[in-house]
Amino acid sequence: MADKYLIYVACGSAAASAALARRRLIDELAKRKITADVEVHRILELPGQVAQRKPDVVVVTAGQAPAALPEDIIIVQGIPLMTGFGIEGLVDEMLKNLESRES
Amino acid sequence: MEIFSAFSNTDQEGLLRELSAVLESKGYVKDTYQESIIQREKMHPTGLMVEDLVNIAIPHTDVEHVLKPTMVVVKHRNGAFKFQRMDAPAIEIPADVVFLLVVKESDGYVTFLAALTNLFQDAEFIDLLKSSPPDKICEGLVEKLKQFDLNYKGKLY
């Protein structure tokens, strides 16, 4: 497992949806004693941000992730982090994908 | 934070226009807010299906258009507002309740939003959302989210 994951959470304005998703994701990761840098970005700015510093995971709360992202980044649909239903399953799946990518 | 309720019988864009106009006249948002929130909703829709319990929409836009944070809880007078889904913009859903999120500073508002959306786990709150008018929903929020010191200011218009 990597020492510390880099995770981007993206929505339209980075003011509410992604910020809420980030808060819940950090809480769930903390419960599992997993450290990660979780940053909020606007969807439109994602390709530029990813080019500068490549994350392990991109969580999107709005629509689809931009098609231009590198294939080895794990893309997660973040709606459970908005509604509060299904957060554990989302994080289980995300961690499983991260581990299988590293093995 | 001050919160308001509203009833409306217009469509999605009409609703965002009327809410913006009144909030501007009351000093909560800048004159740029109206166009910004309408465009933001088109580009990044905010309809959310909370499992099969209730459908909501949480329209919001960039903080630079806001002067003072608030929230408006809106219901349609005789039906539902149509919003596209946040996670699947091609799909339109009828929103039982619209929460207009007027966000000035992301961190504090997100703490509030987390507490608000945690209430989706509360069957009594879901009932309130589905079957009560917006003023009763606001009163319920004041009661259930005491830690945020919400001040229900009545109908927005």
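Just so you know, all these numbers are worked out from the coordinates, no wet-lab data involved. In this text the structure is predicted, and so the values were computed from the model without any measurement. Please note: Cβ atoms are built from the backbone with ideal geometry, for glycine as well, and neighbour counts cover all protein chains shown.
General observations
- Debye log10 I(q)/I(0) for the protein assembly as shown, one point scatterer per Cα, at q = 0.09, 0.16 Å⁻¹: -0.39, -1.19
- Inter-chain neighbour count for A:5-17: the average number of beta-carbon atoms from partner chains within 10 Å of each residue's beta-carbon is 5.
- Each residue of segment B:116-131 was assigned a 3J(HN,Hα) from its phi angle through the Karplus curve 6.51 cos²θ - 1.76 cosθ + 1.60 (θ = phi - 60°); the sequence is 4, 6, 4, 5, 5, 7, 9, 4, 5, 5, 4, 4, 4, 4, 6, 10 Hz, with glycine and proline shown as x.
- Shown in residue order for segment A:60-69 are the 3J(HN,Hα) couplings computed by the Karplus curve 6.51 cos²θ - 1.76 cosθ + 1.60 at θ = phi - 60°: 10, 9, 10, x, 9, 6, x, 5, 6, 6 Hz (x for Gly and Pro).
- Segments B:22-35, B:97-110 sorted - mean Cβ within 10 Å per residue, highest first: B:97-110, B:22-35
- Where only C-alpha atoms are counted, convex hull volume of segment B:2-155 per residue in Å³: 102 Å³
- 16 Å Cα-Cα reach of B:LYS30 towards lysines, excluding residues that sit fewer than 8 places from it in its own chain: B:LYS68, B:LYS104
- Karplus-derived 3J(HN,Hα) values for segment B:25-36, using 6.51 cos²θ - 1.76 cosθ + 1.60 with θ = phi - 60°, are 5, 8, x, 8, 9, 7, 5, 7, 4, 4, 5, 4 Hz; glycine and proline are entered as x.
- Annotation: amide H of B:LYS30 within the under-5 Å range of B:VAL66, B:LEU67, sequence separation 5 or more or interchain, hydrogens built in the peptide plane.
- Shielding by partners for peptide B:106-118, expressed as the average number of C-beta atoms from other protein chains within 10 Å of each residue's C-beta, is 4.
- Shielding by partners for peptide B:83-90, expressed as the average number of C-beta atoms from other protein chains within 10 Å of each residue's C-beta, is 4.
- Per the Cα gyration tensor, segment A:48-103 maps to an equivalent ellipsoid with semi-axes of 20, 16, 8 Å, ordered largest to smallest.
- Rg(Cα) / (2.2 N^0.38 Å) computed for segment B:98-140, rounded to two decimals: 1.25
- Classified by the C-alpha gyration tensor, segment A:5-102 has an oblate form. Its axis ratio a/c, with a ≥ b ≥ c, is 1.5 or above, and a/b does not exceed b/c.
- Segment B:51-137 - convex hull of alpha carbons, volume per residue in Å³: 114 Å³
- Averaging Cα coordinates gives a centre for segment A:36-61 and one for segment B:34-61; these two points are 22 Å apart.
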